[in-house]
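Here's the structure, in structure tokens; my notes come after.
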Amino acid sequence: MALSPFWLSFFLVFSIATVNALTAQAFTGTYGINYGRVADNLPSPKSAVTLLKAAKIKNIRIYDVNHEVLTAFNGSGIEIVVGLGDDFLTEMSVNEDRAMSWIKENVQPFLPGTSIRGIAVGNEILASKDRQDLWEVLLPAAKNVYNALDRLDLTKVVQVQSPHSQGVFANSFPPSSCTFKEDTVPYMKPLLQFFSQIGSPFFINAYPFLAYMSDPEHIDLKYALFQSNRGIYDAKTKLHYDNMFDAQIDAAYAALEKAGFGNMEVIVSETGWPSRGDESEAGASVKNARTYNNNLRKRLAKKKGTPYRPKIPVKAYVFALFNENLKPGGTSERNFGLFKADGSIAYDIGFTGLKPSSAASPLLSFKETGSSYTLVFASCAAILLLIF
Ligand SMILES: *[C@@H]1O[C@H](CO)[C@@H](O)[C@H](O)[C@H]1NC(C)=O
């Protein structure tokens, strides 16, 4: 029996609708930037929009729901993931109505002019010892936010997410041996269960810089910076890695697969390299920051997958748009920006600043000394050394 055109179109529409219902797409292309604002000297949000549009950036993340920022992006076409701060999680977890009023106040009024495409519920909660009180409220908070969005019929527009640090992974090398830390598993698994139901990816903050900084003696800087090097070999998967960024993403895929979520996509919610640091922060320099961010940009532009997931193009948000002068911690923390606080470029990777900069010189062909290439070390291991 032949299907009539009516039924054909019905099935077509139905199948498209099914796919859309599963996933609110929160990412266009492969390159995004985190727009952090822990500073008192930044250009106005409107200037930030000008800068991002000139750079043709299509995706940003912000860490709050600042109304001036959300208004500035009205009509910009730039897709935004907003942050539901850690301090709100407990409140959101007890009550769906509270999540509803937060969304009605901070998300819904800005749609559709401001393209809010995601809500990041908390940031790096699991595995953070400082926030252990929040481990158990993360999932209920995410569920309440999702249910409130559902009641407003916004789940196809706004994706619920929760970015993790690499601290959620157990000490393991090579990438294929990565697992979730035992004490996070009771919280991680139900969270993954929920995110897999609603079609939300796994968001990871992945920093080759932190791995390098924790063990500069044994990690080849070129491996961390996407430069030509021997790379590492994963004997179990028989895969070769020529850069740490890809290895860190595949470590996340390996951990997810072992936890029973082999189909979940991994998206890098933060990655970056600081252009300055303290004496103790090995690798923090303008030269290395420029090399990392320039090569990262080229790597993402290829729209290629990783060795273990070759068909899933890697998507990442760079950290960060600006240097942020009020961030606590080591000097590196205040120097992750692609741009300085005055809007000029921190170094040249092909973007244009709001004003000319002394750093605006063509990419130099600097010489690497490359003395340490013995043990090349990837994945979660080195990072744990740093965090715990
Ligand atoms: C966004 O811009 C449109 C068109 O100018 C306007 O109608 C709308 O009120 C604006 N939205 C907000 C939240 O300011």
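All of the numbers you see were taken from the coordinates with simple rules; none came from a lab. Predicted model only: the values in this text are computed from it and were never measured. As a convention, Cβ positions derive from the backbone with ideal geometry for all residues, glycine included, and neighbour counts pool all protein chains shown.
Using every pair of distinct Cα positions in the chain, the Kirkwood expression returns a hydrodynamic radius of 21.6 angstrom.
Legend: ranking of residues ARG117, ARG61, ARG299, ARG151 from fewest to most surrounding C-beta atoms inside 10 Å; resulting order ARG151, ARG299, ARG117, ARG61.
Charged side chains reduced to their Cβ positions (Lys and Arg at +1, Asp and Glu at -1) give the range 235-306 a dipole of some 480 debye around its Cα centre. Put a dot 7 Å past the Cα of HIS218, heading toward its Cβ, do the same for LEU326, and the two dots end up 4.0 nm apart.
With a simple spin-label model that places each label point 7 Å from the Cα along the Cα-to-Cβ direction, the separation between GLU136 and ASP183 comes to 1.5 nm. Ranking of ASP86, ASP246, ASP234 by neighbouring Cβ atoms within 10 Å, starting from the fewest: ASP86, ASP234, ASP246. Within the chain, which is the longest segment containing none of the GluC sites (Glu not before Pro) that sit in a DSSP loop and have at most 16 other Cβ atoms within 10 Å? Excluding the exposed sites themselves, the longest stretch runs over 1-181. The charge dipole of the range 18-95, taken about the Cα centre with unit charges on the Cβ atoms of Lys, Arg (+1) and Asp, Glu (-1), comes to about 520 debye, rounded to the nearest 20.
Positive-end ranking of ALA26, PRO163, GLY329 along the dipole of the chain, with charges on Cβ about the Cα centre, is headed by ALA26.
Between LEU111 and SER280, how high is the FRET efficiency from 1/(1 + (r/R0)^6) when r is the Cβ-Cβ distance and R₀ = 41 Å? Nearest 0.05.
0.35
The ranking of LYS46, LYS302 by Cβ neighbour count inside 10 Å, starting from the fewest, reads LYS302, LYS46.
Of the residues GLY260, LEU338, ALA320, the one whose Cα sits farthest towards the positive end of the charge dipole of the range 235-345 is GLY260 (charges of +1 on Lys and Arg Cβ, -1 on Asp and Glu Cβ, taken about the Cα centre).
Charge tally around TYR253: other residues with Cβ under 11 Å, Lys/Arg +1 each, Asp/Glu -1 each, net -2.
For the chain, the relative contact order is 20 percent, taking Cα pairs closer than 8 Å that sit 6 or more residues apart in sequence and dividing their mean separation by the residue count. Around the Cα centre of the chain, unit charges on the Cβ atoms of Lys, Arg, Asp and Glu (plus for the first two, minus for the last two) sum to a dipole of about 1520 debye. Within the shell of other residues whose beta carbon sits under 14 angstrom from the beta carbon of ASP278, the net charge comes to 0, with Lys and Arg scored +1 and Asp and Glu -1. Between the alpha-carbon centres of the range 289-350 and the range 131-150 there is a gap of 29 Å. Between ASP342 and ALA54, residue separation times 0.36 nm minus the direct Cα-Cα distance comes to 102.1 nm. Taken over the range 51-140, the convex hull of the Cα atoms encloses 102 Å³ per residue. Expressed to the nearest 5 percent, the antiparallel share of DSSP beta bridges inside the chain is 15 percent. Between THR71 and GLN197, the modelled labels are 3.9 nm apart [label points 7 Å from Cα along Cα→Cβ].
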